[in-house]
Each structure stands twice: as C-alpha cells, then as structure tokens.
Amino acid sequence: MVLTGNQLIGFAESCEGERTLRAYAPAQGVDVEPSFALSVTSEIERAMTLADRAFDTFGSTSQTTRAALLDRIADNIEALGDALVERACLESALPAGRITGERGRTTAQLRMFAGLLRDGTWRDATIDLPQPDRQPAPKPDLRRILVPLGPVVVFGASNFPLAFSVAGGDTASALAAGCPVVFKAHPAHPGTSEMVGRAIVDACQAEGMPDGTFSLLHADPQHAQMLVEHPLTQAVAFTGSQAVGKTLVRLAAERDTPIPVYAEMGSVNPVFLVPGFGSRLPAVAHGYATSLTLGVGQFCTNPGVVVGVVSEELEQFVVETTEALAKVAAAAMLTPGILAAYQSGSHRLAEHPDVKTVFTGIQSDGQATPSLFTTRAETFLSDHTLGEEVFGPAGLVVVCDNFEQMKRVARNLEGQLTVTLQTSGEVTDEERELLPLAVRKAGRIVRNSFPTGVEVCPAMQHGGPYPSSSNARTTSVGTAAILRFVRPVCYQDLPADLLPEELQDKNPLHIWRKIDGRLTHDPVRSPGVHGT
C-alpha cells in the first residue's frame, strides 16, 4: 500500500493544509517518510458534517448489517499482511511478535462485537404491555430499547498502535452501536493509522455504508480540541495521560451542550503483598519484574507500586526483584517524549530525600532501563506525588510498619484500573480485610497473577474510579464497551411498523427480551393494540 499522508474524510481524501508531520522510528532514531498533512478547520468541519449526515442511515442499519461491516474490517486488516506489521514496528519500536499479537487482538474484538450484534440481546429490549381497563387510569403500551448516540470522536493511543488505535476497541464498539466515527490519529504512528483507516473506508464502501461513516484525521492539539467542541460531536473516547484526559473532560463539560468523554487515563495499579505471600516469593518477585518491564513498562496496567509489611519476606522480595530487573536490557520507548517523561519521573523518585534507589539499569542513549525504589508508608501517605504514575518500567516498594498501615495505604489510594493481591494461596483474614478496600478503589481485582495483559471478553472491566478513568461505570474493553455509545429510548403507543424489530410483538429476531418483568425470547402472547 502506498501511503499518501492525506486525511481520509468519508470516501474522499483531502490535503488542504500546508503544515505536516512525519513518523519517527524510535529504534533507529530517524524520521520516516512520507509527510502527513495536518488537518485544517475546513476539513474538521467536513468530517463532522459527513458523520452527522451518515448517522440517521447508519444508526438505523440492522445489527446483521453492522456485524457484516465489522467482519469485513477485520478481514481487510488481515489482508494488509506483513506490510502492516512492519510499519507498526517501525513507528513504535515494538517487536514483530507483539504487533502480530496485537493485530490478532484487534481483529478478534471486531469479530466479538459482530457476534454481539448478531445476538441482539445487548439492546436491552423491554416491553410493558398496555392495560386499557386499569383504574383509575389506563396503562399505555411502553417499549424501551438502547439507540446510538450519534457521531463519536475517537483519539488513538500511543502504546497500542493497533488494538487501541484506528480499528481498536473504541472504534469497534462505536461502529457496532451505530455511531459514525471521526478518528484522530496518534502522531506516533501515522502510517499505521492510514493503512488501517483505508481498510475501514474500503469496508464501509464494500458493505454499502453511507459516506461519512468513518473518517481519519491527523490533527494538532488545536484542531483536536475543535473535534471535542464541535456541536455535532456526541461523545469522545480517549486512552492516554491524565493531563490530556482531564483537559478533554473539561472541554466537553464547558460546551453549550455537554457530552460524555470516556477517558481511560492509566494508574499505578498497586500490588499488595498480603502477609504470608512468602511461600510463593520467587514466583511473585519474578512475575512482578516481568510485568513491570513488559513492553518497556508502557501499559496502562503497569504495576508501578508494591505495598508490603516490613519483614524478611519483603526484603527478600526486593532482592529477588532486583536480580530479575538486572537481566532486563535497555530498550527504546514509543516516542522521545515518552522516554523523556519516564526519565523525568524516575529522576523525581531518585532525588526524593525519603526514597531509596534500590536499582537502576545501565543508561543507554535513546533507551530506557528499569528502576526500583523503596520508601516508607508514612512518606507515601504524606506525599501525593509518590502515588503518581511513572509511565515506564519504574517500581516503587512501599514498606508498611504493620498490616493496619497497609490498610491505611489502601484506603488512601486514588482510583485505579487494577489492584493485585499476592497471597500464599490460602484465603486469610488479612486478604478478606483488604478485598473490600481494593473493590472500592479499582475496576479489576487480580489475585496471584499480574494485571498486564487485558483479556478481551465480555466479563472484562477496563476502567476504574476517577482518575484512572473519567467514568467508573464503563469499560473500554469487552462487549460492555458498546454501552458508552448508546442511550435508552422509550416508545409509547407506537404502531408495529414504526417499532424497531427488537420491540415488535412477533420478535422476528428471536432475541431475549423482558416482557412485563419476565425474561423471555417468546413472542408477545397477548398483543397490545399498538404492538401487533
């Protein structure tokens, strides 16, 4: 595929701006051709207008039609073959095995949402039949279902050039819901973005979707802000830093018509070493070091903080973790900016008067090495900055005087994507006491494994209390992600030919529905005058 560097606005290409950007190859330390045009205001306006025009048609398509679109997108991505993997590796410095696996995750979640659509139950069809003879007033025919919000703006993530990017979970779930997507490509991998963007556009054309169902833009911060503030935008999805996520939330809230921003902003994902964990000490230390340094620590579920009670077991954990980290080679990070932020965060910990540097790898120009620090719980509790994420392979061990102080640390944590409990394997009173504190703080509780590696399945919750995400009730991974881009509508006393198929008496889609409070996939046995 020849990369043009153009905007993809619906089914057309555009290159109206004079300003450009080029991809950077972190492993080689060089810029990569071609240049990609940055969007201008007229292109932002055209993309949003097309998305809005496409919405009524696209949002009304059948679930089987949208399922076919998602399957076609997955097929098109796979058809890109090695060229996509090579470009993604070049722009991210991630190994081919990681990118190949991420491509599989991307296509699998597209097909997962296609399966969800074909099932149909997710729309939560609920019917309350009329009671015309009810006294003192008749009860109307009421039928409720979830409908798409409208055009959605999606921001690509830096650390997943495929699975949280152009055809990632945000785009897949928005399209599945029936929402056109205007995608803002991440500047770290513009070539990868264009390749996948073309795969989506081609699928939209092949499946007969309206022009504007999908657009891809390369935008600077000013024009990215315009996408959030545009009056036709109905929701925003974002994965990235707390600073940017909070800015997007603020911008959306200050609009004349506020809209939801579903921002996944990362966390320190604390690991609690429950007293007694020492029976599994070697596995815990090795597993922690592996999780901390996986992907050069560039995961939103990176376990950056460990909390333990002072003991010989904890001292040995630090020793064995250090030994494991010493075997990890320096590696390039995703972008120079991410590397600089990691080095700054590590330096901040190293220079803290009450933090001890246990290990830091041999520094290498343009590459990151793991680091391990320790501090006392009193210091951690009194200095909020020690609980801030250092995006990269840096770990901080918080040493508590006793179990009560460990619980105090747990109570004082900010919202987290994950909390991990490392135990002996036997359920203890201490674990029982920690668990409800962990549940209050995180969206996913992990026991005797580690949080890196987010399974894509219906049960997954990837999102937690603020500030790990902007809305703790939602997830950006798994089938429930679709619920971010829909809203409920109740139809009262509408005739059958105006009702969605999911609400019609005959239940032509044969889905499970709740009728007068009873879950059933049967047709309505006693049709109402409006629902026949």
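The values are calculated or read from the model by the stated rules, or taken from the named source; none is laboratory data. Model, not experiment: these values are computed from the prediction. Note that each Cβ is placed from the backbone with ideal geometry, even for glycine, and that neighbours are counted across all protein chains shown. Quick note on the areas: whole protein, heavy atoms, side chains included, nothing else; ligands and nucleic acids left out. Shrake-Rupley method; radii C 1.70, N 1.55, O 1.52, S 1.80 Å.
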Anything in the range 112-139 that is open to solvent by less than 40 Å² (accessible area, probe 1.4 Å) and part of a loop (DSSP other than H, G, I, E, B)? List them, or say none. G120, A125, L129, P130
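Got a sec? Which strands (runs of 3 or more DSSP E) wholly within the range 438-532 have at least 1 residues that are small (G, A, S)?
On the way: elements: 442-447, 486-492, 513-515, 518-520.
Result: 442-447.
Would it be correct to say that A481 is more than 19 Å from A177 (Cα to Cα) and crowded, with 20+ Cβ neighbours inside 10 Å? I'd like the intermediate steps shown before the answer.
Values: more than 19 Å from A177 (Cα to Cα): no; crowded, with 20+ Cβ neighbours inside 10 Å: yes.
For A481, the condition - more than 19 Å from A177 (Cα to Cα) and crowded, with 20+ Cβ neighbours inside 10 Å - is not met.
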Specify the residue that is nearest to S158 (Cα to Cα); the eligible residues are those in the range 305-316 that are in contact with a strand residue (DSSP E or B) (Cβ under 6 Å, 6 or more places away or on another chain) and buried (at least 17 other Cβ atoms within 10 Å of the Cβ). V305
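For every residue, the table says whether it meets (1) in contact (Cβ under 8 Å) with a residue 40 or more places away in the chain; (2) loosely packed, with under 12 Cβ neighbours inside 10 Å; (3) hydroxyl-bearing (S, T, Y).
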residue	(1), (2), (3)
L437	no, no, no
S468	yes, no, yes
Y491	yes, no, yes
D497	no, yes, no
E501	yes, no, no
I'd like to check something: does the range 85-96 contain any residue that is of a type in the set (D, E) and touching a helix residue (DSSP H, G or I) at 6+ places or on another chain (Cβ under 6 Å)? yes
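Mind checking which residues of the range 109-147 are aliphatic (A, V, I, L, M), in contact with a helix residue (DSSP H, G or I) (Cβ under 8 Å, 6 or more places away or on another chain) and either farther than 19 Å from M460 by Cβ or without any contact (Cβ under 8 Å) to a residue 24 or more places away in the chain (or both)? Show your work before the answer.
Taking the range 109-147 first, the residues aliphatic (A, V, I, L, M) are 110, 112, 114, 116-117, 125, 127, 129, 137, 142, 145-147.
Now narrow it down to the ones that are in contact with a helix residue (DSSP H, G or I) (Cβ under 8 Å, 6 or more places away or on another chain): 110, 112, 114, 116-117, 125, 127, 145-146.
Answer for the range 109-147, where residues must be aliphatic (A, V, I, L, M), in contact with a helix residue (DSSP H, G or I) (Cβ under 8 Å, 6 or more places away or on another chain) and either farther than 19 Å from M460 by Cβ or without any contact (Cβ under 8 Å) to a residue 24 or more places away in the chain (or both): A125, I127, I145, L146.
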Mind listing whichever residues of the range 167-208 are acidic (D, E) and either surrounded by 24 or more Cβ atoms within 10 Å (Cβ to Cβ) or assigned to a helix (DSSP H, G or I) (or both)? D170, E194, D202
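D71: free of Cβ contacts under 8 Å to residues at least 40 places away in the same chain and closer than 28 Å to E501 by Cβ, yes or no? Write out each step before concluding.
Working: free of Cβ contacts under 8 Å to residues at least 40 places away in the same chain: no; closer than 28 Å to E501 by Cβ: yes.
It is false that D71 is free of Cβ contacts under 8 Å to residues at least 40 places away in the same chain and closer than 28 Å to E501 by Cβ.
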Please indicate, with yes or no, whether at least one residue in the range 378-389 is without any contact (Cβ under 8 Å) to a residue 60 or more places away in the chain, of a type in the set (G, A, S) and surrounded by fewer than 16 Cβ atoms within 10 Å (Cβ to Cβ). yes
For the range 321-366, how many residues meet the condition of being more than 27 Å from L273 (Cβ to Cβ), open to solvent by less than 60 Å² (accessible area, probe 1.4 Å) and either polar (S, T, N, Q) or touching a Phe, Trp or Tyr at 6+ places or on another chain (Cβ under 6 Å) (or both)? 2
